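See below for the structure under consideration.
Since every read-out is calculated from the coordinates, none of them should be taken as a lab result. Small disclaimer: the values here were computed from a predicted structure and weren't measured. Cβ: placed from backbone, ideal geometry, glycine included. Neighbour counts: every protein chain shown.
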Amino acid sequence: MSGTYTVRVAVEPADREACFAVRKDVFVAEQGVPEDIEYDAHDAGAVHVLAMGEDGIPLGTGRLLHGEAAAAKNGGDPAVGSLGRLAVTPGARGLGVGAALVRAIEEAARARGLTAVDLHAQTHALGFYERLGYEAYGPEFPDAGMPHRAMRRVL
């Protein structure tokens, strides 16, 4: 596959469906996350971003929670967004798609006046997020049966 892709906020229903399809492929099928916990009530109000290959094939997605939804995840700070559900399809890994999605989510956070972004990283992905300026804090904890750490980046 070539490395040409675009990243955009998923506004149209078809774009959001593509985001959910990537999540199903990566989290449900590949990682074994139960489908009933992969999709949640936060999806409706979240900002979803989508990476799309030049051939129209979805390559990756992520979401930004803000406001009350983010505050519930980050300890109550409404100025901090929550990055989550970052997923890149196996064939697109190593092309910079994940980093481009994170930067698009950060831009969406800045546009909403947020001062930082928190996330819960699978421990195998800590290095990826550290290279993007995130710092881990707090103890390791399980989420969907996998070890995670909380991380934050000030914008």
Do you know the relative contact order of the stretch 21-155, to the nearest whole percent, from alpha carbon pairs under 8 angstrom that are 6+ apart? 19
Have a look at Glu68, Glu130, Glu12 and tell me which one the Gaussian network model of the chain (Cα, springs below 10 Å) gives the largest fluctuation. Glu12
Where does each of 27-34, 76-83 land if you order them by average Cβ count within 10 Å, highest first? 76-83, 27-34
Net charge of Cβ neighbours under 15 Å - reference Val49; Lys, Arg +1; Asp, Glu -1: +2
In degrees, nearest 10, range 0 to 90: what is the angle between the Cα axis of helix 13-23 and the longest Cα principal axis of the chain? 80
If the chain between Leu155 and Tyr39 were fully stretched, how many nm would it gain, using 0.36 nm times the residue separation less the Cα-Cα distance? 39.0 nm
What is the diffusion coefficient of the chain in µm²/s, taking the Kirkwood radius over Cα pairs and the Stokes-Einstein relation at 4 °C with a viscosity of 1.567 mPa s? 83
Can you tell me the orientation of helix 97-111 relative to the chain, as the angle in degrees between its alpha-carbon axis and the longest Cα principal axis, to the nearest 10? 50
Each residue of the stretch 44-54 in order: what ³J(HN,Hα) in whole Hz does its phi give by Karplus 6.51 cos²θ - 1.76 cosθ + 1.60, θ = phi - 60°, with x for Gly and Pro? 4, x, 7, 8, 9, 10, 9, 9, 10, x, 4
For the stretch 19-35 and the stretch 73-98, what is the separation of their Cα centres, given in Å? 14
The simple spin-label model distance between Ala29 and Glu17, using points 7 Å out along Cα→Cβ, in nm, is 1.6
What value, in deg cm²/dmol to 500, does the helix sum -39500 (n - 2.57) over DSSP H runs of n ≥ 4 give at 222 nm once divided by the residues of the chain? -7500 deg cm²/dmol
Indicate the gyration tensor shape class of the stretch 65-155 (rounded, prolate or oblate), computed on the Cα atoms with a ≥ b ≥ c the square roots of the eigenvalues: a/c under 1.5 is rounded; otherwise a/b larger than b/c is prolate and the rest oblate. oblate
Applying 1/(1 + (r/R0)^6) with R0 = 25 Å to the Cβ-Cβ distance of Arg93 and His120, what FRET efficiency is obtained, to the nearest 0.05? 0.80
